[in-house]
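Visitor: Let me give you the structure first, and then I'll get to my questions.
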Amino acid sequence: MSENSGNNEAPNTPTPPGTPSGTPGTPSGPQPEPIRFFGTTWVDHDGGYGLRRAGVAVGSLAAAVAACFVLRFAFQGLEIAEVGSLVGMLVIAMFAICSAVAFRKTWEAFGSRPKDPAREDALRGLKSIGFIGSLLAYFVRSLIEAPGEKLRRTEYESARAQFEKRRSTRTGNPAARKRPKRR
């Protein structure tokens, strides 16, 4: 989360007078981090936030159901190939375990940033196999809030509080000074 993430100017470009962040209409301070499918509508719950949540819930559930049908067709292919019941049971166990792990890891990602990004990269293949679990986690979470909203709201509010504290305690800050009335 950057303090002026909306500013796309080069670092040495002078800031026009009267615009604190360099671009007209962009507030100074930390900007909210967008969430996939929601953008920054999660901040004030505007811009079709409710419809987006419903869309994400329906879409993720529909994708999970479609994925189950695809897996069913794949399992029927194994039965037609007569690979044996042991292989069929192993395939079912693999998808069930991978889906459970993917659900848990996806659910945890909505509440906190990963402590070890290398470990998350190592689990990417397992989460890809258990994609149904990730889709179900998105479905359940979107019934409560936008997936990841609580984490991003906590980070955004703490960043805003720190920014305001730094801004108000800074001595000689021209933006915080009261302008004398001219006669």
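Visitor: Near residue 115, which aspartates and glutamates are there with a Cα under 20 Å away, not counting those fewer than 8 places off in the same chain?
Guide: Cross-link targets: 33, 149, 155.
Visitor: Also: Expressed as cubic angstrom per residue, what is the convex hull volume of the alpha carbon set of segment 84-125?
Guide: Measuring per residue, one finds 56 Å³ for the Cα hull of segment 84-125.
Visitor: Right, next: Taking θ = phi - 60°, what integer Hz values does the Karplus form 6.51 cos²θ - 1.76 cosθ + 1.60 yield along segment 64-74, in sequence order, with x for Gly and Pro?
Guide: Those phi angles translate into 5, 5, 4, 5, 5, 5, 4, 5, 5, 5, 5 Hz.
Visitor: Putting +1 on Lys and Arg Cβ atoms and -1 on Asp and Glu Cβ atoms, find which of 91, 49, 102 reaches farthest to the positive end of the dipole of segment 40-127.
Guide: Farthest along the dipole direction, towards plus: 49.
Visitor: Normalised by the empirical 2.2 N^0.38 Å for globular proteins, what value does the Cα Rg of segment 95-156 take?
Guide: 1.12
Visitor: Can you compute the FRET efficiency between residue 164 and residue 97 using 1/(1 + (r/R0)^6), with r the Cβ-Cβ distance and R0 = 45 Å? Round to the nearest 0.05.
Guide: 0.45
Visitor: Shifting gears a bit: In whole Hz, with x marking every Gly and Pro, tabulate ³J(HN,Hα) for segment 40-57 from phi via Karplus 6.51 cos²θ - 1.76 cosθ + 1.60, θ = phi - 60°.
Guide: Result, rounded to whole Hz: 10, 5, 5, 5, 10, 6, 10, x, x, 4, x, 5, 5, 4, 4, x, 5, 5.
Visitor: Calculate one ³J(HN,Hα) per residue across segment 120-137 by plugging θ = phi - 60° into the Karplus curve 6.51 cos²θ - 1.76 cosθ + 1.60, and present them in order as whole Hz with x for glycine and proline.
Guide: 5, 5, 5, 8, 4, x, 5, 5, 5, 5, x, 4, 5, x, 5, 5, 5, 5
Visitor: What's the FRET efficiency of residue 115 with residue 65 using the Cβ-Cβ distance as r and R₀ = 45 Å, to the nearest 0.05?
Guide: For R0 = 45 Å, the calculated efficiency reads 0.85.
Visitor: Report the local net charge at residue 150: Lys and Arg +1, Asp and Glu -1, summed over other residues whose C-beta lies under 12 Å from its C-beta.
Guide: -1
Every number here is computed from the coordinates shown, using simple stated rules; none is lab data. Please read all numbers here as calculations on a predicted model, not as lab measurements. FYI the Cβ positions are ideal-geometry reconstructions off the backbone, even for glycines, and counts take in every protein chain you see.
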